[in-house]
């Protein structure tokens, strides 16, 4: 599946609608590769305070791929955040974070062969 060219999309959007925020977004847009977490940051910079208000309405529409989930969980470990703090930082549900941790960091090793 081909992914959209987010750099081009956001450069055009900033140039046309938010030229005053171009300098704030330049550090993200100048990266060699734009990751999904960068898209979240760009949305927050562009929309400002109204982003938080709209995020609640759009919460059901969010989806994350495995790589992004692992990046979020790595961020949690790196910054020593509990599930609640991580959920607030990324506007997620605590239950979602707990479910991801259970799926990706299960304590039981897989059974290769019966004993």
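The values are calculated or read from the model by the stated rules, or taken from the named source; none is laboratory data. Everything quoted here is computed from the prediction, not taken from an experiment. Counting neighbours? That spans all protein chains shown, and the Cβs are built from the backbone with ideal geometry, glycine included.
Quick rundown of the values:
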| item | result |
| --- | --- |
| Matching residues in the range 18-32 - criterion: being out of contact with any helix residue (DSSP H, G or I) (no Cβ under 8 Å at 6 or more places or on another chain) and surrounded by 10 or more Cβ atoms within 10 Å (Cβ to Cβ) | 26, 27 |
| Unique residue being modelled with pLDDT of 90 or more and either crowded, with 16+ Cβ neighbours inside 10 Å or in a loop (DSSP other than H, G, I, E, B) (or both) when the list is 92, 81, 70 | 81 |
